[in-house]
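Colleague: First the structure, which I've put down as structure tokens, then a few questions once you've had a look.
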There are 2 protein chains.
Amino acid sequence: MAEGFLSIDFGGTRTRVGWYSPTLELITRDESPSHTEQPIESVIDRIIQLARKVVPAYTVPDAIGICAPGPQAYTGYIRHANTLPEWDNVPLAQRISAAFGDAPTFMENDANLAALAEYQFGAAKGCDPALYLTVSTGIGGGAVIGGQLFTGWRGLAIEPGHIKFPTADGQVYSLEALASGTGIGRLAREKLAATDTPSRLRLLQTVDGKAVGESAAQGDRLALEVVSEAGRWLGLGLVAMVHLFNPQVIVIGGSVVNLGELILNPARQTLAELLIDPLFNYDKLIQVAALGDDVCLTGAAIHARNKSFAGG
Amino acid sequence: MAEGFLSIDFGGTRTRVGWYSPTLELITRDESPSHTEQPIESVIDRIIQLARKVVPAYTVPDAIGICAPGPQAYTGYIRHANTLPEWDNVPLAQRISAAFGDAPTFMENDANLAALAEYQFGAAKGCDPALYLTVSTGIGGGAVIGGQLFTGWRGLAIEPGHIKFPTADGQVYSLEALASGTGIGRLAREKLAATDTPSRLRLLQTVDGKAVGESAAQGDRLALEVVSEAGRWLGLGLVAMVHLFNPQVIVIGGSVVNLGELILNPARQTLAELLIDPLFNYDKLIQVAALGDDVCLTGAAIHARNKSFAGG
């Protein structure tokens, strides 16, 4: 009895829901603000109400896929999520399953599901192993190996943001602190304090990653230097990932990718310089993410399909 | 018709051969020097003669596994191997297969096969994902994911020796240059040149990794500092691997492991300090290799079995 799959992307800001055909065509979608500042129970109730709008009447989904924040989302529980500090072991998957006829329900985190979506329908299509990297306020990642989502022993794999590098000041920084939007903002503030280089950033009250990106796009020299430095750090992270996974593709998504070649070019150059064997590299190794805001919604639908086929 | 598996470990110094039962018990083994300084054809002929000594009369092996140096050994060709500079696209697997009734023959490199052997019979038994790291003159590695040898897109995966780190002198070094025996020798020579610290190493003509290890074991302060520094770099490499693979175990083999806790303790400490989530770590994460000199011979036998079962 093939009905379809319910997909839910529960994000810190917005919740997206979709009803997918058994062959993963999107039939209906909807979205609304998550309002996570409200009590946990009313947030969950609103997710369920939103999902009811897309599930056909009298229908039990074949499976439900949920994208949710926090480590070990695969357990179905939300805990230790930066964006949901008060959610302490909340059994979100169980609550949603119960609301939809106890349909089998599979939860995962955003970067893992984005990896799955880019592999199935996006910039990593037909590539295996496929790595996915999201670079925005933080750096997350996911991987598909042998056609399967790779999550490691305890579901924690592919945290490229936490590769650590020593820097010239004798400290050790995570890649996230060196190449994310947050890192770009910090690097810029440090450079502004340490040098006299003129920069339009000096006129701004808040120097964050967004401001640096805008200034770089307008040709501001200091901002360009910072973005280029972040790109080289990103490249150093990619060097580690390529030597370890020998991926066919690394898809890079997240807001920082909007900087385009300003950040990607130094990253690619670092890769080309530091890879031990040219066989690792080729002109299609680094790709920009192809899917848009629904990437995690799509990924959660694929995950529901894959997991229920696997006999879940 | 289950006969058994022929395994060949063709190393730069010695060649080992083994005949294994269908259930991978070692029936007979033999070994002899590889004499790779001799002409290629006579080296291959001697491998075949040695192998004939262990294969029962009138028997075609069910499959043959070969451990051989160089990248992309899985192709069955030896090329670009540091230890065999004159071997340019030599079809070793084909030559050996032809000598043993065209038995299906599967070649791989040493670190990959060692990973497989430690996973099946050694320190990584029952652990998945399992990473293997060999730290001697260089640093190599292998991984088992989902019960399968993981080799990446072009068979180049798990080259942890080529993770790159910037150092305080503004250079970028590979992990291999910082934590292998070769790296330990270099770090010591640099420290001897840059400081006045007394050390028995100053009495030696050749300060290599072995000399540093021996001096460290005898309590020489400078040697101990160097080994500890190498251990911290090794730890930084492990931090990258753990955040990316979330392995259940990382088995460390190779001669540098003979330094024991002198190098492993700083590596473990670095891990404990820098892992983002304590769930990544646990007291059995880092293990010393359990199998001895026959580890690659064993691995090649397992590989022959796995690949022929897979319908090769």
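The values are calculated or read from the model by the stated rules, or taken from the named source; none is laboratory data. Just so it is clear, the structure is predicted and the values come from calculations on it, not from any experiment. Methodologically, a virtual Cβ is constructed for each residue, glycine included, from the backbone with ideal geometry; neighbour enumeration extends over all protein chains shown.
Colleague: Out of (1) closer than 23 Å to residue B:13 by Cβ; (2) surrounded by 15 or more Cβ atoms within 10 Å (Cβ to Cβ), what's the single condition that is false for residue B:53?
Modeller: Evaluating residue B:53 over (1) closer than 23 Å to residue B:13 by Cβ; (2) surrounded by 15 or more Cβ atoms within 10 Å (Cβ to Cβ) leaves (2) as the failure.
Colleague: Among the residues of the range A:223-246, is there at least one that is of a type in the set (S, T, N, Q) and under 29 Å from residue A:204 (Cβ atoms)?
Modeller: Among the residues of the range A:223-246, at least one is of a type in the set (S, T, N, Q) and under 29 Å from residue A:204 (Cβ atoms), which makes the answer yes.
Colleague: For residue B:197, which of the numbered conditions (1) among the β-branched types (Val, Ile, Thr); (2) closer than 27 Å to residue A:163 by Cβ; (3) more than 14 Å from chain A (Cβ to nearest Cβ) fails to hold?
Modeller: Among (1) among the β-branched types (Val, Ile, Thr); (2) closer than 27 Å to residue A:163 by Cβ; (3) more than 14 Å from chain A (Cβ to nearest Cβ), residue B:197 violates only (2).
Colleague: Which count do you get for residues in the range A:123-137 that are out of contact with any strand residue (DSSP E or B) (no Cβ under 8 Å at 6 or more places or on another chain) and farther than 15 Å from residue A:296 by Cβ?
Modeller: Selection size over the range A:123-137: 3.
Colleague: Which of (1) in contact (Cβ under 8 Å) with a residue 60 or more places away in the chain; (2) in contact with a Pro (Cβ under 7 Å, 6 or more places away or on another chain) does residue B:127 not meet, given it meets every other one?
Modeller: With (1) in contact (Cβ under 8 Å) with a residue 60 or more places away in the chain; (2) in contact with a Pro (Cβ under 7 Å, 6 or more places away or on another chain) applied to residue B:127, the lone miss is (2).
Colleague: Filtering the range B:91-116 down to residues that are touching a residue at least 60 places away in the same chain (Cβ under 8 Å) and among the acidic types (Asp, Glu), which residue is farthest from residue B:59 (Cα to Cα)?
Modeller: So, considering only residues that are touching a residue at least 60 places away in the same chain (Cβ under 8 Å) and among the acidic types (Asp, Glu), the one farthest from residue B:59 (Cα to Cα) is B:110.
Colleague: Would you confirm whether any residue within the range B:264-283 is more than 14 Å from every other protein chain (Cβ to nearest Cβ), of a type in the set (A, V, I, L, M, F, W, C) and either in contact (Cβ under 8 Å) with a residue 12 or more places away in the chain or under 30 Å from residue A:236 (Cβ atoms) (or both)?
Modeller: Checked the range B:264-283: at least one residue is more than 14 Å from every other protein chain (Cβ to nearest Cβ), of a type in the set (A, V, I, L, M, F, W, C) and either in contact (Cβ under 8 Å) with a residue 12 or more places away in the chain or under 30 Å from residue A:236 (Cβ atoms) (or both).
Colleague: For the range B:149-166, how many residues meet the condition of being in a strand (DSSP E or B), touching a residue at least 60 places away in the same chain (Cβ under 8 Å) and either surrounded by fewer than 22 Cβ atoms within 10 Å (Cβ to Cβ) or within 7 Å of chain A (Cβ to nearest Cβ) (or both)?
Modeller: So the count comes out to 1.
Colleague: Would you pick out the residues in the range B:280-298 that are of a type in the set (A, V, I, L, M), surrounded by fewer than 19 Cβ atoms within 10 Å (Cβ to Cβ) and not in a strand (DSSP E or B)?
Modeller: The answer is B:290, and nothing else.
Colleague: A further question on this structure: Show the residue pairs that are 6+ apart or on different chains and have beta-carbon atoms under 9 Å apart, the first residue being within the range B:241-262 and on the phi > 0 side of the Ramachandran plot and within 7 Å of chain A (Cβ to nearest Cβ), the second being of a type in the set (D, E, K, R) and crowded, with 21+ Cβ neighbours inside 10 Å.
Modeller: Listed pairs, sorted by first residue: B:246/A:159.
Colleague: Counting only residues that are under 22 Å from the mean Cα position of the chain (by Cα) and among the charged types (D, E, K, R), which one in the range A:89-116 is farthest from residue A:162 (Cα to Cα)?
Modeller: Looking at residues that are under 22 Å from the mean Cα position of the chain (by Cα) and among the charged types (D, E, K, R), I get A:108.
Colleague: Right, something else. Scan the range A:41-57 and report the pairs whose first residue is small (Gly, Ala, Ser) and whose second residue is assigned to a helix (DSSP H, G or I), with Cβ atoms within less than 8 Å and a gap of 6+ or a chain change.
Modeller: A:51/A:96; A:51/A:99
Colleague: Quick test for you: out of B:271, B:259, pick the one residue that is in the same structural domain as residue B:151 (by TED's automatic domain parsing), under 17 Å from residue B:163 (Cα atoms) and touching a Gly at 6+ places or on another chain (Cβ under 6 Å).
Modeller: Just one listed residue meets the conditions, B:271.
Colleague: Could you tell me whether residue A:130 is at pLDDT 95 or above and more than 12 Å from chain B (Cβ to nearest Cβ)?
Modeller: So residue A:130 fails the test.
Colleague: Could you check the range A:46-83 and list, in sequence order, the residues that are on the phi < 0 side of the Ramachandran plot, under 17 Å from the mean Cα position of the chain (by Cα) and in a loop (DSSP other than H, G, I, E, B)?
Modeller: A:68, A:69, A:71, A:81, A:82, A:83
Colleague: So, in the range B:93-127, how many residues would count as being surrounded by fewer than 18 Cβ atoms within 10 Å (Cβ to Cβ), more than 16 Å from residue B:47 (Cα to Cα), away from every other protein chain (no Cβ under 14 Å) and not charged (D, E, K, R)?
Modeller: So the count comes out to 2.
Colleague: Does the range B:249-269 include one or more residues that are hydrophobic (A, V, I, L, M, F, W, C), part of a loop (DSSP other than H, G, I, E, B) and at pLDDT below 95?
Modeller: Looking through the range B:249-269, none of the residues is hydrophobic (A, V, I, L, M, F, W, C), part of a loop (DSSP other than H, G, I, E, B) and at pLDDT below 95.
Colleague: Separate question: Can you tell me which of (1) assigned to a loop (DSSP other than H, G, I, E, B); (2) touching a Lys or Arg at 6+ places or on another chain (Cβ under 6 Å) is the one residue B:18 doesn't meet?
Modeller: (1)
Colleague: Give the residue, chosen from B:135, B:54, B:90, that is in contact with an Asp or Glu (Cβ under 7 Å, 6 or more places away or on another chain) and away from every other protein chain (no Cβ under 14 Å).
Modeller: B:54
Colleague: Given the criterion assigned to a loop (DSSP other than H, G, I, E, B), in contact (Cβ under 8 Å) with a residue 12 or more places away in the chain and of a type in the set (D, E, K, R), identify the matching residue among A:37, A:3.
Modeller: The conditions single out A:3.
Colleague: Counting just the residues of the range B:11-22 that are modelled with pLDDT of 95 or more and hydroxyl-bearing (Ser, Thr, Tyr), which one comes out surrounded by the most Cβ atoms within 10 Å (Cβ to Cβ)?
Modeller: If we take residues in the range B:11-22 being modelled with pLDDT of 95 or more and hydroxyl-bearing (Ser, Thr, Tyr), then B:20 is surrounded by the most Cβ atoms within 10 Å (Cβ to Cβ).
Colleague: Suppose we keep only residues that are among the acidic types (Asp, Glu) and in a helix (DSSP H, G or I) within the range B:214-248. Which one would you say is nearest to residue B:168 (Cα to Cα)?
Modeller: Selected residue: B:229.
Colleague: Within the range A:253-279, how many residues are within 24 Å of residue A:146 (Cα to Cα) and surrounded by fewer than 24 Cβ atoms within 10 Å (Cβ to Cβ)?
Modeller: Of the residues in that region, 4 qualify.
Colleague: Among the residues of the range A:167-213, which ones are buried (at least 21 other Cβ atoms within 10 Å of the Cβ), in a loop (DSSP other than H, G, I, E, B) and free of Cβ contacts under 8 Å to residues at least 24 places away in the same chain?
Modeller: Once the filter is applied, which keeps residues that are buried (at least 21 other Cβ atoms within 10 Å of the Cβ), in a loop (DSSP other than H, G, I, E, B) and free of Cβ contacts under 8 Å to residues at least 24 places away in the same chain, the range A:167-213 yields only A:207.
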